[in-house]
Amino acid sequence: MTQPSNRRPIDPDTNQPIAAEKYARLKAEAKAPYRGLRQFIYVAFGMSGFIGGFIFFFQLLAGRDVETTLPNFALQVGVVALMIWLFRLEQRSKRSSK
């Protein structure tokens, strides 16, 4: 049985129409699954890169083992930049899907 497009779907457990807020949330999740999880991962990895960069930066200032510290610092800066870019990309796609 097909439902008219102007009506909300019926919850099979209660045989009642699904609440508008719940329906909107389910539609958004269907369009972009795991968006919240991805954003959490971007923030967690970005913070990890920031902490690593902070440590390597002060090792560079102290002059400790510069040959290995500099590439590690550059890697941490790259990780932070990548996570910021991915998070902004995710936010832009979220705004455009509304």
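The values are calculated or read from the model by the stated rules, or taken from the named source; none is laboratory data. The structure presented is a predicted model; accordingly, all values stated were derived computationally and were not measured. Glycine gets a Cβ as well: all are built from the backbone with ideal geometry, and neighbour counts include every protein chain shown. We work out accessible area using only protein heavy atoms, side chains counted, and drop any ligands, DNA or RNA first. Shrake-Rupley method; radii C 1.70, N 1.55, O 1.52, S 1.80 Å.
The set of residues in the range 11-25 that are open to solvent by 60 Å² or more (accessible area, probe 1.4 Å) and either over 27 Å from residue 94 (Cα atoms) or among the hydrophobic types (A, V, I, L, M, F, W, C) (or both) comprises 12, 13, 14, 15, 16. Out of (1) assigned to a helix (DSSP H, G or I); (2) open to solvent by 50 Å² or more (accessible area, probe 1.4 Å), what's the single condition that is false for residue 78? Unmet for residue 78, out of (1) assigned to a helix (DSSP H, G or I); (2) open to solvent by 50 Å² or more (accessible area, probe 1.4 Å): (2).
Does residue 32 meet the test of being open to solvent by less than 50 Å² (accessible area, probe 1.4 Å) and either charged (D, E, K, R) or out of contact with any strand residue (DSSP E or B) (no Cβ under 9 Å at 6 or more places or on another chain) (or both)?
Taking the combined requirement at face value, the residue satisfies it.
Against the conditions (1) surrounded by 12 or more Cβ atoms within 10 Å (Cβ to Cβ); (2) assigned to a loop (DSSP other than H, G, I, E, B); (3) free of Cβ contacts under 8 Å to residues at least 12 places away in the same chain, residue 8 satisfies every one except (3). Filter the range 1-35 down to the residues that are touching a helix residue (DSSP H, G or I) at 6+ places or on another chain (Cβ under 9 Å) and not acidic (Asp, Glu), then identify the one that is modelled with the highest pLDDT. Ranking the qualifying residues of the range 1-35, first place goes to 35.
In the range 35-47, the qualifying residues are those that are open to solvent by less than 70 Å² (accessible area, probe 1.4 Å) and not hydrophobic (A, V, I, L, M, F, W, C), and the one that is farthest from the chain's Cα centre (by Cα) is 46.
Which of the residues belonging to the range 49-84 are among the small types (Gly, Ala, Ser) and either in contact with a helix residue (DSSP H, G or I) (Cβ under 6 Å, 6 or more places away or on another chain) or within 30 Å of residue 39 (Cβ to Cβ) (or both)? Spell out the reasoning first.
Going residue by residue through the range 49-84, those that are among the small types (Gly, Ala, Ser) are 49, 52-53, 62-63, 74, 78, 81.
Once the filter is applied, which keeps residues that are among the small types (Gly, Ala, Ser) and either in contact with a helix residue (DSSP H, G or I) (Cβ under 6 Å, 6 or more places away or on another chain) or within 30 Å of residue 39 (Cβ to Cβ) (or both), the range 49-84 yields 49, 52, 53, 74, 78, 81.
In the range 17-30, the residues that are among the hydrophobic types (A, V, I, L, M, F, W, C) form Cβ pairs under 9 Å with partners that are assigned to a helix (DSSP H, G or I), at six or more places apart or across chains, as follows: 18/26; 28/35; 28/94; 28/97.
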